[in-house]
Every structure is written in C-alpha cells, then in structure tokens.
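Trainee: Just dropping this structure here.
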Amino acid sequence: MSDQELRETLEARHRTLSVRMRKIGAHLRSPGDPDSKEQATARENDEVLEALDVSGRHDLEALTAAIARLDAGTYGECLDCGDRISEGRIKALPTAPFCIECAR
C-alpha cells in the first residue's frame with residue numbers, strides 16, 4: 001500500500017469514527033426519560049455507550065498518532081526499538097506503534 005493510500009485509509013477511519021463519537025456524545029448529553037421504568041434501561045444503554053466512547057477516544061488517538069508518524073516519515077518504525085514493524089502487523093493493525101516483540 002502506498003503512503004497516499006495509507007493516509008487515505010487512516011483519514012477515512014478517523015472521519016468515520018469522529019462522526020460516530022459525536023453521535024455517542026450527543027446521546028450521552030441528551031436528557032434522560034423522566035419515566036422511572038425507562039430509566040434503568042436507559043442507564044444500561046448509557047453504560048454501553050460510555051464504554052464505546054472510551055474505546056472510540058482511544059482509537060481516535062491511535063489514528064491521530066499514526067497519521068502524525070506518517071507525516072514525520074516514521075510510520076512503520078517501532079517507537080521502542082526503532083526496527084521496522086512487520087508488514088503483516090501493519091496490515092492487521094495499521095495504527096500499531098510497536099513491533100510485535102516490543103508489544104509483548
């Protein structure tokens with residue numbers, strides 16, 4: 001995959017996730033249903049959305065960092081040891097900041 005294709009893929013994932021995160025945030029900020037019977041169900045749903053929010057923020061940070069490494073010309077280099085991250089690992093996890101050895 002060329003650097004341009006990689007950039008487009010990472011940026012598309014970032015845009016898609018940003019939209020999803022805005023929707024989750026809007027839902028979490030919306031006032032709840034005053035009906036007490038519905039509050040328990042709504043709270044359970046909010047707990048799931050809060051977990052998705054945390055996970056999504058982590059993923060956005062990873063995407064932003066990967067794009068920054070691409071801009072700096074260091075994408076694909078392990079942040080710990082400096083070795084190249086294997087192509088298989090990059091394909092499986094495009095935001096990987098570490099080679100498999102350092103990730104362990």
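The values are calculated or read from the model by the stated rules, or taken from the named source; none is laboratory data. Quantities reported herein were computed from a predicted structural model and do not represent experimental measurements. A quick note on method: Cβ atoms are made from the backbone with ideal geometry, for glycine too, and the neighbour counts reach across all protein chains shown. Side chains are part of the model used for accessible areas, which takes the heavy atoms of the whole protein and leaves out ligands, DNA and RNA. Shrake-Rupley method; radii C 1.70, N 1.55, O 1.52, S 1.80 Å.
Trainee: Please give the calculated 222 nm ellipticity per residue for the chain, where each DSSP H segment of at least 4 residues contributes -39500 (n - 2.57) and the sum is spread over every residue; nearest 500 deg cm²/dmol?
Mentor: Working: 4 runs with 74 residues, N = 104.
Calculated mean residue ellipticity at 222 nm is -24000 deg cm²/dmol.
Trainee: Then there's this: Heavy atoms only, probe 1.4 Å: what % of the accessible area of the range 56-104 goes to carbon and sulfur, would you let me know?
Mentor: 52 percent
Trainee: Mind checking the per residue accessible area of the range 26-104 for me, 1.4 Å probe, whole number of Å²?
Mentor: Spelled out: the 1.4 Å probe surface of the range 26-104, per residue, equals 69 Å².
Trainee: For the range 51-87, list residues with backbone N below 19 Å from a point placed 7 Å from the Cα of H27 toward its Cβ?
Mentor: 51-60
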